[in-house]
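The values are calculated or read from the model by the stated rules, or taken from the named source; none is laboratory data. Note that the coordinates shown come from a computational prediction; the quantities given were computed from them, not determined experimentally. As a convention, Cβ positions derive from the backbone with ideal geometry for all residues, glycine included, and neighbour counts pool all protein chains shown.
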Amino acid sequence: MSAQSNAARSASQTSVPSIQPISRMSTDRWVSHEPTSYLTHGDAAAERHAITTSHRDRMVHGPLSYALGPGAGPCSYGTTTNRPPRAAVRNPGVPLEGTACENGGTKMPDAPSIPGVPSADVPPTGALEGLRIGISVGASADLDRLGLEETRFRTLLGELARLVVSAGGGLAYGGNLGQGGYTRFLVEQLREHAPSSRPLLNTLAWTEHRKLPLSELVDQRERFGRYAEIVCLSIDGDPVDPAEGRGEDPVLESDPETARRSLTGMRRHLMRQVDAHLILGGRRGGFLGTLPGLVEETLLALKADLPVYPAAGYGGVTADISGALGVDGAPDIQGPSDATPPDPRLLDGLDRLRQFTASPDWTGLRNGLTADENERLAGTRSPGEIAELASLGLGRLRRGT
């Protein structure tokens with residue numbers, strides 16, 4: 001890649017924070033082909049500093065990533081010069097070949113899925129070694145209009161989870177243990193594909209673990225224990241012994257404010273456990289928290305200076321979040337399909353995101369990706385490409401390039 005093309009790309013580069021390279025990494029091992037002038041945020045608030053210090057320590061001092069061998073550089077993986085050709089499926093303005101649906105949408109051809117046939121774009125082994133990726137995911141009411149089905153959405157989520165784990169990363173998710181929930185689904189997907197034990201951290205909000213009979217909670221924690229660490233939290237999001245102060249019977253909380261506080265506390269705890277946050281789908285209405293879950297987690301991640309990766313190709317509130325953050329490329333879906341009229345809490349959350357981006361300190365998502373790459377992330381529905389882009393951005397942040 002020429003110096004001229006590098007200069008042209010750097011003009012539109014999304015600024016990312018510089019995290020110092022790992023000291024034991026040889027400088028001639030990495031031949032950077034990416035711009036290296038980045039901006040950093042100003043002083044952080046006390047809460048933000050505490051969370052940021054935790055995740056940066058893991059980013060800087062964790063095991064090496066992208067160990068491609070002597071002389072290998074970032075362009076050996078994840079750049080247009082060394083990338084196999086792929087279908088143009090990420091620009092919503094370009095007509096795509098597919099089957100027309102009765103609801104007016106278009107059903108796109110299925111992406112290849114693991115096992116057996118991996119996606120064309122997959123992060124290399126070790127690319128996410130030592131990193132834990134938080135996943136905020138919820139069913140998207142836009143799937144029908146995008147020509148997708150909930151079963152296919154779950155299949156793609158399962159493939160994405162396996163790709164992250166196969167690249168050496170861990171996953172974190174805040175959810176319940178109910179039948180049909182995403183926690184059980186992720187555990188089932190990882191059961192046959194996890195190369196090491198307990199790649200999933202699942203946090204249970206106060207109101208979630210208290211509503212289960214104690215024996216059932218103990219049984220589920222033991223049953224999932226090989227593949228997931230189940231952490232029970234207090235109202236304010238601190239780890240607790242779930243048996244303390246209760247007996248066998250469920251303890252149901254009827255106070256809505258307690259439910260809201262416990263969900264926010266769980267999300268704050270989650271931000272202290274992860275190195276980056278990936279969001280997909282999500283509902284716009286019918287939620288219990290102060291804000292829609294994915295909106296609140298995005299705000300908390302940004303305040304904690306965590307890299308955020310909005311994969312908006314499946315629509316839902318992630319598409320709204322992407323737009324509020326000024327990221328192009330999300331599917332153009334006319335009007336909300338699951339919150340009409342829009343929930344005032346949704347509008348408040350999106351307004352808070354816009355205010356965050358209006359701050360003088362805002363220099364973009366700071367997730368290690370260029371503006372063009374973030375646009376690709378916002379439009380793609382390929383789990384392989386989502387995992388590839390996240391690992392590419394995190395690799396740049398880890399190297400400080």
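Please indicate, with yes or no, whether at least one residue in segment 302-318 is at pLDDT below 95, of a type in the set (Asp, Glu), under 17 Å from the mean Cα position of the chain (by Cα) and under 27 Å from PRO124 (Cα atoms). Yes, segment 302-318 contains at least one residue that is at pLDDT below 95, of a type in the set (Asp, Glu), under 17 Å from the mean Cα position of the chain (by Cα) and under 27 Å from PRO124 (Cα atoms).
Please count how many residues of segment 236-260 are under 9 Å from ALA205 (Cβ atoms) and surrounded by 20 or more Cβ atoms within 10 Å (Cβ to Cβ).
Of segment 236-260, the ones under 9 Å from ALA205 (Cβ atoms) are 237, 259.
Of the ones still in play, those that are also surrounded by 20 or more Cβ atoms within 10 Å (Cβ to Cβ) are 237.
The total comes to 1.
Considering THR357, THR380, THR363, the condition of being under 18 Å from TYR309 (Cα atoms), without any contact (Cβ under 8 Å) to a residue 60 or more places away in the chain and β-branched (Val, Ile, Thr) is satisfied by THR357 alone. Taken across segment 219-228, residues that are hydrophobic (A, V, I, L, M, F, W, C) and either farther than 29 Å from GLY130 by Cβ or surrounded by fewer than 19 Cβ atoms within 10 Å (Cβ to Cβ) (or both) do not occur at all. For segment 343-359, filtering for residues that are assigned to a loop (DSSP other than H, G, I, E, B) and closer than 16 Å to GLY323 by Cα leaves 1.
Scanning segment 360-378 for residues that are in a helix (DSSP H, G or I) and touching a strand residue (DSSP E or B) at 6+ places or on another chain (Cβ under 9 Å) yields a total of 3. So, ARG396, is that one in a helix (DSSP H, G or I), modelled with pLDDT of 90 or more and surrounded by 23 or more Cβ atoms within 10 Å (Cβ to Cβ) or not? Yes, satisfied. Note on segment 161-186: among residues that are touching a strand residue (DSSP E or B) at 6+ places or on another chain (Cβ under 8 Å) and among the hydrophobic types (A, V, I, L, M, F, W, C), the one that is surrounded by the fewest Cβ atoms within 10 Å (Cβ to Cβ) is LEU177.
Filter segment 346-387 down to residues that are among the small types (Gly, Ala, Ser) and in contact with a helix residue (DSSP H, G or I) (Cβ under 7 Å, 6 or more places away or on another chain) and give me whichever is surrounded by the most Cβ atoms within 10 Å (Cβ to Cβ).
The qualifying residue surrounded by the most Cβ atoms within 10 Å (Cβ to Cβ) is ALA387.
Check segment 149-171 and report whether any residue there is in a strand (DSSP E or B), in contact with a Phe, Trp or Tyr (Cβ under 8 Å, 6 or more places away or on another chain) and either touching a residue at least 40 places away in the same chain (Cβ under 8 Å) or within 16 Å of TYR227 (Cβ to Cβ) (or both). So far as segment 149-171 goes, no, none of its residues is in a strand (DSSP E or B), in contact with a Phe, Trp or Tyr (Cβ under 8 Å, 6 or more places away or on another chain) and either touching a residue at least 40 places away in the same chain (Cβ under 8 Å) or within 16 Å of TYR227 (Cβ to Cβ) (or both).
Considering only segment 179-224, how many residues are assigned to a loop (DSSP other than H, G, I, E, B) and in contact (Cβ under 8 Å) with a residue 40 or more places away in the chain?
4
Per the listing THR290, THR264, THR298, the residue uniquely of a type outside the set (A, V, I, L, M), surrounded by fewer than 19 Cβ atoms within 10 Å (Cβ to Cβ) and under 22 Å from the mean Cα position of the chain (by Cα) is THR290.
Within segment 225-236, the only residue that satisfies the criterion of being touching a strand residue (DSSP E or B) at 6+ places or on another chain (Cβ under 8 Å) and assigned to a loop (DSSP other than H, G, I, E, B) is TYR227.
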